[in-house]
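A single structure is presented below for examination.
The values are calculated or read from the model by the stated rules, or taken from the named source; none is laboratory data. Computed from a predicted model, the values in this text were never measured in an experiment. With ideal geometry, Cβ positions are generated from the backbone for all residues, glycine too; neighbour counts draw on all protein chains shown. Just so you know, the surface numbers come from the protein's heavy atoms only, side chains and all, with ligands and any DNA or RNA stripped out. Shrake-Rupley method; radii C 1.70, N 1.55, O 1.52, S 1.80 Å.
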Amino acid sequence: MTTELIIAPPVTGKTTTCIQRIQAIRTNQPLAQIWVVVPDRLQAAAFRRRLAGSGGAMGTYVGTFGDLYRSILERSGTYVPVASSPLLHRLVQETVDRAVAQGNLPHFAPLQLLPGFILALRESFAELKRSLVYPEQFLDFTGSGSAAQKDLAVLYSRYQARLRELNWADPEGISWLAVAALERKSSTPASIHLLVVDGFDSFNGAQYQALKMLSQQVGDLLITFPGKIGSQRPAHRRFTESIERLIRELSPQITTLDLSPNLPPDLRHIESQLFEAEISAIQTPGQPILLEARSPADEAREALRWIKSLVVRENVPLSGCMMFTPNPTVYHPLLRAIANEFGIPIRCTQHEPLSNSPAITALLNLITLPSRNFKTRYLINVLRSPYFEFSMSPETVDKFEMVSRVAQIVEGRDQWLETWERLAPSSVPEQSDVDDERILPGLLRGSQAFELRQVLDAFFVNINPPDQLRTQTEWITWLEDLLDRLGFYERANSERDQAACEAFRETLRALVLSEAVVGERCGDYRQFLADLQGTLEGVGVREPTLVGQPAVLVGRMVEARGLRFQAVALLGFSEGVFPANEHPDPFLDESLRATLGLEQRLQREQAGLFYQAITRTDQYLLITRPYLSDDGEKWEESTFWKSVQRLFDASVIKTVRPDDPRPLSDAASSQELLFSAIRRRSLPQKYEFLNDRWNGLRHSREVLKARRSKHASGPHEGFVEPIAPALSQRYSPAQTWSASRLEYYGSCPYQFFVRTALGLEPRVLPKLGLDPSQLGSMLHKILEETYKSVTDPKDLQAVLDALMITSEQIFSTAPRIYGFRPSSLWEYEKVQLHDKLEKTVHALGEDSSWTPFAYELVFGIDGVPPLEINLGDETLRIRGVIDRVDRDTNGQLRVVDYKTGSSHLASSDLKDGHRLQFPIYALAVRDALNLGTPVDGIYWKILGAEAGSLKLAKFKTDTAQGVDAAVEVVCEHLLRIVKGIRSAEFPPHSPRDGCPSYCPTAQWCWRFEPEW
Ligand code: SF4
């Protein structure tokens, strides 16, 4: 019965020695029981492979400490079922609930319903158990501690008592039971001839205790450990403390392998000099070891390119390559996407979180809708989700979205109900598109609104959870029925979706089982959701299987031990990533950890981890880092990066910048090859199989060039001659034009194309407050009705009195007429709007020379003939509505156009062709309405209570002045506009004062300039 501890630096043959011992025993005693314990399944598989390669693995059991514990318990005749993760979650939650109900949790009670709290508690319990800290001990330790520590001790003790009561164990509890069995000597480990413990660089409390017991009970115990006896090297500090404890507790016979690590010269140099205060020499590396790229995405790309080049050029097998990252959340999705592009199969050691799955995200969005009070943003997303069958066409969902926007439905079924009640009985006249400030979206009303309401009501009834307390199993049955009704599982049919659905169903099954074990848990829907979401946290999805396929392994930095590869890439060596900035544990602070013998959180031995990581390779090593942070700032190197950098001259670093030219031979995917070829403007003949994509890219290049040029021209910038015949037909001389539509073209031809020719509208989220068209329509109507209702519009007091009455009347019916849902601010908004209208009436009355006499004069609609303008080659027919016409004492006329906005109202806007309405209205007053010849026209800013600077009487060109000059300018623009539309010339052209925010292309137009 001997215990031997083999201590040696990495790559000096520790595992080989273990295998030789095993094979030596096998030669003489083929039936001897031999156990090998390694840190994880990955290492178990690797050890088995090496064992098989050295003469056979038959009869040798290779597993983890967990496997060994279970074997010990079986041998001792103890069977305790291990609780699943959902069951443990439920147990911890129940423990917290009971403690709160009994008033035993004064400090943590407010955190009771937070799912993250339960998860954090589970981690703390597991850590305490791994370190063999028993509840009674912990209660004693914390007796004089903080309120948080006392609460934690109460919960830990109650949790453990409940587990015992149910006769279940958690995974860490198995180690306790195994240690207890060993202490009782009730198992028969003596039949184990040799127990090998290999690949560890530290042990937890339970493992130390188990090893101590086993050293007295198994045949021989052989432990390997990295490092050197009495080493003072900073790189060995992590191992030195463990070695000292092993020697203290096991009194082993010590063997040191005094061999030099079997590594290539550069790696041996790093291994021997890492973190040393004095270094022996600065070397020139055979090739760069440190690679910096712009971002984590570029870094992942370069690391995978390096691996691919080793596989293709150096014949390194895929399974001989490994990548370690400190932050799987950031790096694993990047590596998956880029590996897919490069055609490199990769396998991540950590499962993808279930919450990353699109199908599960859609499902959670659906079932959390009621608890989010049907927030419109989520509601519309759910209705559009491809994962559910709601028997609704996309057009119907568009209508819901439009209603929500117009009616300002932000959330809640009550807001929908209020809107339907407003829309259903009303029949509001259609809005004409004659004034851009008053074009209201065509809301469905009457029976159409009623039909829409029925569809949405059916949806709410379908997905709304019962308003009762139910057991968890009943809630799960309800959820499964809902998902069946919506065809969720049939629609989630990709390989990835199916794996996620299977993991989800497994979680539901485990929740049902937990209720069978622990007892019913009755709660409302909110509680069920919290339980479900808490349980789903931390559940991973297995990657789609790569059966029989070799793959590059991608693991976490903490897994970088024991395994050996031909090529290893280490990612994330910028400041704060690795070594990571540690934060104190909120439950187990540093002093408590020190007292209990737990690993320190703030001085965790990341240096030891790094040392292990760089010594995992036999041949090739690459360390990478991003050099720019997300906000474009320089990102400093990490201390570990610098510790390698200082061992070599400058050639150890390679910096890859996105604009650096790259030889075609370095391309790792056809995309990269084409990208480089485009830069060098030729694709060699040997790649002619890529010709189709090459031609597509050249075309894209032409498009980009056109869009980047200063002046818009050519077919990629709105000059679409092929559709000119169709447009000429659509906008034929028989067409009656809307003045505001013509202005769109005058302002920006591309805006006209998108907005008018294609009829596209911007998609905006509903928000509180009136939209500009609702506000414009309402204010125009109030002013019109006010002036119309007085006998003498010059009697200011009479107008103000009338304003009071009409504004009240129009405000009271506005929600129904204009389709919006008054917010809680509506009363306040009405007062404010009335104040502004009063100011505007005062200001309008200041110029006593003009008296309004005609309002809302339409032409070209409602049976009134259109304005006909003779442009020489054709007569243009135009429709419109004139807000108001004034007359002075001499009988001269003035046109007034109300505006709620205040931009683009200067003379230059008319000259540039952005404002055309005035001269057109002046002509309409004269020619279509036969009221006489206007001598002036003004834009009136309703909210600003002043006129715009463009006044027709003062308008000047080089040759003329006044209305005639304006008409002349407008006619020139009209000719240009009509010709441009029919010739299909729609170049994007940002207006002088910037693009209007309501332009439907503002979100994606490459020539967008913000308005100022
Ligand atoms: S964003 Fe500006 S340039 Fe682009 S279409 Fe609209 S108005 Fe024209």
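Which of the lysines could a cross-linker span from residue 654 if the Cα-Cα distance has to be under 17 Å and same-chain partners fewer than 8 positions apart are dropped?
Within the straight-line cut-off, residue 654 pairs with 634, 642.
Moving on to the next point. Quick one: plug the Kirkwood hydrodynamic radius of segment 606-760 (C-alpha pairs) into Stokes-Einstein at 10 °C, 1.306 mPa s, and report D in µm²/s.
72 µm²/s
Here is a further query. Would you check the accessible area of residue 699, probe 1.4 Å, heavy atoms only, in square angstrom rounded to 10?
100 Å²
Let me ask you something else. In nm, what is the difference between 0.36 nm times the number of residues separating residue 29 and residue 144 and their Cα-Cα distance? Numbers along the way, then the final one.
On the way: separation 115, 0.36 × 115 = 41.40 nm, distance 5.70 nm.
Stretched out fully, the residue 29 to residue 144 stretch lengthens by 35.7 nm.
Find the percent of Cα-Cα distances in segment 681-761 that exceed 18 Å, and round it to a whole number.
That tail contains 60 percent of the Cα-Cα pairs.
Then there is this: Starting from the Cα of residue 447, step 7 Å along the direction of its Cβ; do the same at residue 498; then give the gap between the two resulting points in nm.
Roughly 4.7 nm, to one decimal.
Translational diffusion coefficient of the chain at 20 °C, 1.002 mPa s, Stokes-Einstein with Kirkwood Rh over Cα pairs, in µm²/s as a whole number.
60 µm²/s
If amide H atoms are built 1.01 Å from N in the plane of the peptide, which residues on other chains or at least 5 residues away come under 5 Å of the amide H of residue 346?
552
Given Cα pairs under 8 Å that are at least 6 residues apart, what percent is the relative contact order of segment 863-1012? Mind showing how you got there, number by number?
Values: 211 pairs, mean separation 26.2, N = 150.
Averaging sequence separation for qualifying contacts and normalising by length gives 17 percent for segment 863-1012.
What is the list of residues in segment 295-314 whose amide nitrogen lies under 17 Å from a point 7 angstrom out from the Cα of residue 551, following Cα to Cβ?
Answer for segment 295-314: 304, 308.
Using only the Cα atoms of segment 1-141, each taken as one equal point scatterer with no solvent, compute I(q) by the Debye sum, divide by I(0), and report log10 of the ratio at q = 0.11, 0.22 Å⁻¹.
The computed values of log10 I(q)/I(0) come out as -0.66, -1.43.
Further question on the same structure: Each residue of segment 277-291 in order: what ³J(HN,Hα) in whole Hz does its phi give by Karplus 6.51 cos²θ - 1.76 cosθ + 1.60, θ = phi - 60°, with x for Gly and Pro?
My calculation for segment 277-291 gives 5, 10, 10, 6, 7, 9, 9, 9, x, x, 7, x, 10, 9, 10 Hz in order.
Please give the FRET efficiency for residue 758 paired with residue 871, using the beta carbon to beta carbon distance and R0 = 25 Å, rounded to the nearest 0.05.
0.45
Next question, about the same structure. Return the FRET efficiency for the residue pair residue 992, residue 862: r is the Cβ-Cβ distance, R0 is 51 Å, and the value is rounded to the nearest 0.05.
0.90
What ranking do 474-480, 9-15, 278-284 get when scored by the average of other Cβ atoms within 10 Å per residue, highest first?
9-15, 474-480, 278-284
Roughly how far apart, in whole Å, are the Cα centres of segment 581-640 and segment 63-121?
Between the Cα centres of segment 581-640 and segment 63-121 lies a distance of 29 Å.
I need the peptides 353-362, 301-310, 856-865 ranked by packing, meaning the mean over residues of other C-beta atoms within 10 angstrom, with the highest value on top. Write down the numbers at each step before the final one.
Details: 353-362: 19.0, 301-310: 22.2, 856-865: 15.9.
Ranked from most to least packed, the peptides come out as 301-310, 353-362, 856-865.
Okay, moving on. Once amide H atoms are built 1.01 Å from N in the peptide plane, which residues 5 or more positions from residue 352, or in another chain, come under 5 Å H to H?
Distant-sequence amide H within range of residue 352: 541, 543.
Here is the link list: 710/836; 710/911; 781/911. Which ones come out longer than 32 Å on Cα distance?
Where the Cα-Cα span goes over 32 Å, the pairs concerned are 710/836.
Give me the extension gain from residue 245 to residue 956: residue separation times 0.36 nm, minus the current Cα-Cα distance, reported in nm with one decimal.
This chain segment gains 246.3 nm when fully extended.
What does the accessible area per residue of the chain come to in Å², with a 1.4 Å probe and no ligands, DNA or RNA counted?
Using a 1.4 Å probe on heavy atoms only, each residue of the chain averages 45 Å².
For segment 884-1012, would you read off the P(r) tail past 27 Å as a percentage of all alpha carbon pairs?
So the portion of pairs separated by more than 27 Å is 25 percent.
At 1.4 Å probe size, with the rest of the protein present, what percent of the exposed accessible area of segment 598-673 is carbon and sulfur atoms?
On segment 598-673, the fraction of accessible area on carbon and sulfur atoms equals 48 percent.
Residue 254 versus residue 1011, label points 7 Å from Cα toward the beta carbon: distance in nm?
About 8.0 nm, to one decimal.
Report the one residue of 859, 786, 762 whose Cα lies farthest in the direction of the positive end of the charge dipole of segment 761-898 (charges on C-beta: Lys and Arg +1, Asp and Glu -1; origin at the Cα centre).
762
Run through the DSSP bridge list for the chain and note the antiparallel percent, rounded to the nearest 5.
Close to 30 percent.
Measuring from the lowest to the highest alpha carbon on each principal axis, how far does segment 334-383 reach, largest first, in angstroms?
That works out to 44, 20, 13 Å along the principal axes.
Pull out the extension gain between residue 74 and residue 136, defined as 0.36 nm times the separation in residues minus the alpha carbon to alpha carbon distance; nm, one decimal.
On the way: separation 62, 0.36 × 62 = 22.32 nm, distance 2.72 nm.
Residue separation times 0.36 nm, minus the Cα-Cα distance, leaves 19.6 nm.
Computed from the mean reciprocal separation of all distinct C-alpha pairs, what Kirkwood hydrodynamic radius does segment 744-818 have, in Å?
15.1 Å
To continue, here is another question. Which whole-Hz ³J(HN,Hα) couplings does segment 556-573 yield from phi under the Karplus relation 6.51 cos²θ - 1.76 cosθ + 1.60, θ = phi - 60°, glycine and proline marked x?
Running phi through 6.51 cos²θ - 1.76 cosθ + 1.60 with θ = phi - 60° gives 8, 4, 5, 8, 7, 7, x, 6, 10, 9, 7, 9, 10, 10, 10, 10, x, 9 Hz.
Moving to a separate point now. Once label points are set 7 Å from the Cα along Cα→Cβ at both residue 788 and residue 162, what is their separation, rounded to one decimal in nm?
A separation of 7.1 nm, rounded to one decimal place.
Then there's this: As an exercise, use a Förster radius of 25 Å and the Cβ-Cβ distance of residue 824 and residue 377 to find the FRET efficiency, rounded to the nearest 0.05.
The value I calculate is 0.80.
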